[in-house]
1. Failed condition for Gly214, given (1) open to solvent by 60 Å² or more (accessible area, probe 1.4 Å); (2) modelled with pLDDT of 90 or more; (3) over 30 Å from Asn89 (Cα atoms), with all others met?
2. So which residues in segment 221-234 are loosely packed, with under 15 Cβ neighbours inside 10 Å and either closer than 27 Å to Ile127 by Cβ or acidic (Asp, Glu) (or both), if there are any at all?
3. Filtering segment 36-93 down to residues that are within 31 Å of the chain's Cα centre (by Cα) and aromatic (Phe, Trp, Tyr), which residue is farthest from Asp106 (Cα to Cα)?
4. Among the residues of segment 167-203, write down those that are assigned to a loop (DSSP other than H, G, I, E, B), under 23 Å from Leu238 (Cα atoms) and either more than 24 Å from the chain's Cα centre (by Cα) or in contact (Cβ under 8 Å) with a residue 40 or more places away in the chain (or both).
5. Here are some residues: Asn12, Asn54. Which one is open to solvent by 60 Å² or more (accessible area, probe 1.4 Å) and either of a type outside the set (Ser, Thr, Tyr) or touching a Leu at 6+ places or on another chain (Cβ under 7 Å) (or both)?
6. Filter segment 260-292 down to residues that are among the β-branched types (Val, Ile, Thr) and at pLDDT below 90 and give me whichever is nearest to the chain's Cα centre (by Cα).
7. For segment 130-159, enumerate the residues that are part of a helix (DSSP H, G or I) and either in contact with a helix residue (DSSP H, G or I) (Cβ under 6 Å, 6 or more places away or on another chain) or within 18 Å of Ile249 (Cβ to Cβ) (or both).
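The values are calculated or read from the model by the stated rules, or taken from the named source; none is laboratory data. These numbers come from a predicted model, not from an experiment. Positions of Cβ are generated from backbone atoms using ideal geometry, with glycine treated the same way; all protein chains shown enter the neighbour counts. Ligands, DNA and RNA are excluded from the accessible area calculation, which covers all protein heavy atoms including side chains. Shrake-Rupley method; radii C 1.70, N 1.55, O 1.52, S 1.80 Å.
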Amino acid sequence: MAENLSQIIKTNENNKELTEFIATNKITNKLFNNYYQLFQDYLTSYNLCKKRENLNKCQQEIPGYRLKLIINNQKITTVLTDCLHRINNLDQKQVMNKFLIRHYDDSLLSLSWSKDFLVVGQERQEIVNYLKQTLKLKSYPGLYLYGESQVGKTFIFILFANKLIQKKHTVCFISWPEFIIEIKKNFSNKTENDNNSKMEQMKNCDFLFIDDLGGESITAWERDELLFPILNARVLPLKTTFINSSYNINELMQCYRLQANKIETIKVKRLIERIKKLTKPIELTKQNLIAQ
């Protein structure tokens, strides 16, 4: 026989499940020898799934399930149990369910703040410092990131949204131009209830991310009936909100001021006041953010 019990334990010392099974059930050399092939089958199955990866990478005979040793009246056998690939898949589904709305691809869910955020430049260090300080608080304003395209605004927000989801918070991640298109389509399809549901989710979620504000075809209706009510509902009590835009606050004010009259000025001023209360502005420059 190729290996005895002590050799198996030594070569698989990182397999706590195996070592605990042997110790708890006081497996002897004789019993081990009687079930030698069963132990080998178990180890082969166990070692196929050492990493928490996507289920499509599972190499088990029945994808998602591996063998586990059990003992009853000194008779050892194996049963099927969830492998790490399946566990990872179930965890990912639970995480994804915390996203009430998510306007970015599933493939980006694997991006990590700790691994993929590269601090290059003063403004990104400012983001890190700000988040370190504010995350210790129960209630805090978010960020208003602005700058030209391709400077990492959306990328930073995706990384942070992924981090918050892992901490079991509810999150809405909205591409504002895409959201406006969806709202209009629902009106055309006479599914206004879906619009109301999304609005309520955005008003009440733990964390709201609004991506590319000002990138839509701006109308008074969108500004006054959609954007303002959402932001206004998050001011008291303060619900953390993150916004990014190609425009700074003053430029955004001009974008949303559609006519030159007093009523228009008041409406835009009220909107901008909500954004200022909810966020801290930080400009991102063309020092591109890249994955490590």
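1. (1)
2. Step one: filter segment 221-234 for residues loosely packed, with under 15 Cβ neighbours inside 10 Å, giving 221, 225, 229.
Glu225 - this is the single residue of segment 221-234 that is loosely packed, with under 15 Cβ neighbours inside 10 Å and either closer than 27 Å to Ile127 by Cβ or acidic (Asp, Glu) (or both).
3. Tyr46
4. Scanning segment 167-203 gives Lys168, His169, Thr170.
5. Asn54
6. Per the criteria, the residue is Ile290.
7. Our first condition is that a residue be part of a helix (DSSP H, G or I); within segment 130-159, this holds for 130-134, 153-159.
Tyr130, Lys153, Phe157, Ile158, Leu159, listed by residue number.
The rows are residues; the columns are (1) part of a helix (DSSP H, G or I); (2) closer than 30 Å to Pro177 by Cβ; (3) touching a Cys at 6+ places or on another chain (Cβ under 7 Å); (4) modelled with pLDDT of 80 or more.
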| site | (1), (2), (3), (4) |
| --- | --- |
| Phe39 | yes, no, no, yes |
| Leu43 | yes, no, no, yes |
| Glu53 | no, no, no, no |
| His85 | yes, no, yes, yes |
| Leu100 | no, yes, yes, yes |
